């Protein structure tokens, strides 16, 4: 298993990339504060295709969103 990174570390190591995050921690507002990067890519289809089954995962983009709606998703 990979090393757990803080959200700030994820942004620095994977700028403007889509992340599939496992073993994540959230704050009281439900925002991801740390987790393990399972996959990363500039192409979100590569991340959303073939998600991990039977394990809580989160999808998150590290760049600035140009979309005013949802830009991350976490499910248990």
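Every number in this text was worked out from the coordinates using simple rules, so none of it is lab data. These figures come from a predicted structure and were not determined experimentally. A quick note on method: Cβ atoms are made from the backbone with ideal geometry, for glycine too, and the neighbour counts reach across all protein chains shown.
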So how do 14, 48 line up by other beta-carbon neighbours within 10 Å, fewest first? 48, 14
Quick check: residue separation of residue 42 and residue 9 times 0.36 nm, minus the Cα distance between them. What number comes out in nm? 10.2 nm
What shape does the stretch 1-66 have by the C-alpha gyration tensor, where a ≥ b ≥ c are the square roots of the eigenvalues, rounded means a/c under 1.5, and otherwise prolate means a/b greater than b/c and oblate the rest? rounded
